[in-house]
1. Determine if the range 51-67 includes at least one residue that is among the β-branched types (Val, Ile, Thr), out of contact with any Lys or Arg (no Cβ under 8 Å at 6 or more places or on another chain), surrounded by 10 or more Cβ atoms within 10 Å (Cβ to Cβ) and modelled with pLDDT of 95 or more.
2. Within the range 1-31, can you find the residues that are in a strand (DSSP E or B) and modelled with pLDDT of 80 or more?
Amino acid sequence: MIFVNKPVIYIRFEEIRYIEFQRVGERSMSTIKSFDLHVITKDATHQFTGIDREEYKCLLEFFEKKKLNVRKTEE
């Protein structure tokens, strides 16, 4: 997995313990236009905030296709 931002972060799928989506509940879907993504690895947590809501479904399908553990939490 590669996130192109400065600095560039490269995370191998094998290192990922789980992916956590935040602010994606039913209540949030209608009022908030973005969500947060946390990638928890064996050694660190990488936080990506303010991701456009339209990207959620594609990211979720991608992570599930790669058989990664995905969690959804409400703040």
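1. Among the residues of the range 51-67, not one is among the β-branched types (Val, Ile, Thr), out of contact with any Lys or Arg (no Cβ under 8 Å at 6 or more places or on another chain), surrounded by 10 or more Cβ atoms within 10 Å (Cβ to Cβ) and modelled with pLDDT of 95 or more, which makes the answer no.
2. 9, 10, 16, 17, 18, 19, 20, 21, 22
The values are calculated or read from the model by the stated rules, or taken from the named source; none is laboratory data. Everything quoted here is computed from the prediction, not taken from an experiment. A quick note on method: Cβ atoms are made from the backbone with ideal geometry, for glycine too, and the neighbour counts reach across all protein chains shown.
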